[in-house]
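Heads up: the structure comes next, in structure tokens.
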Amino acid sequence: MPKRLLGPFQGLQNLSGLDIDTAAPLDMLERADLINAVLAGAECCCNGHASGNQRDPYFGADLSELVARCCPHDVTLTDTDGKTVTVSVKIDISTLMVEVDSNNEVMAWIYEEG
């Protein structure tokens, strides 16, 4: 199937940051809803839409993970010297792009995380 990229999306630019430790649950849900609305505006569909067997029509699981990872969080990695280091990273949601198939079903989420 032919694939193409959509995004970055105008509706996800210049959003305020979220902190998972201090943000109200409603703030997290509203951010997920905003991303869903932006994707709907681009006519993105979930996997299985064309066959009538939608896995997650509102991208709930994926958007929950994206929103949580937009908040600063620590990851542990090994640097070039072999030392284990912990760094704080977060997804830059303004860079979100999606790879879609010929049915506009989202196949991959692409974003910068720094």
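Since every read-out is calculated from the coordinates, none of them should be taken as a lab result. Worth saying up front: this structure is predicted, and the values here are computed from it rather than measured. Backbone-built Cβ (ideal geometry, glycine too); neighbour counts: all protein chains shown.
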> Among 3, 90, what is the fewest-to-most ranking by other Cβ atoms within 10 Å?
Replying inline: 3, 90
>> Please list, by residue number, every one of the GluC sites (Glu not before Pro) in region 15-65 that is coil in DSSP and has at most 10 other beta-carbon atoms within 10 Å.
In response: 43
> What would the Debye formula give as log10 I(q)/I(0) at q = 0.12, 0.14 Å⁻¹ for the alpha-carbon point model of the chain, no solvent?
Replying inline: -0.49, -0.64
>> Residues of region 52-69 with the amide nitrogen closer than 18 Å to a label point 7 Å from the Cα of residue 29, along Cα-to-Cβ, please.
In response: 57-68
>> I'd like the Karplus ³J(HN,Hα) series for region 54-68: coefficients 6.51, -1.76, 1.60, θ = phi - 60°, whole numbers in Hz, and an x wherever there's a Gly or Pro.
In response: 5, 7, 7, x, 10, 6, x, 5, 5, 5, 4, 5, 4, 5, 4
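What does the charge count around residue 106 come to, taking other residues whose C-beta lies under 13 Å from its C-beta (Lys +1, Arg +1, Asp -1, Glu -1)?
Summing Lys and Arg as +1 and Asp and Glu as -1 gives -3.
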>> Under 5 Å between amide hydrogens, which residues at least 5 positions from residue 45 or on another chain qualify, with H placed 1.01 Å from N in the peptide plane?
In response: 105, 106
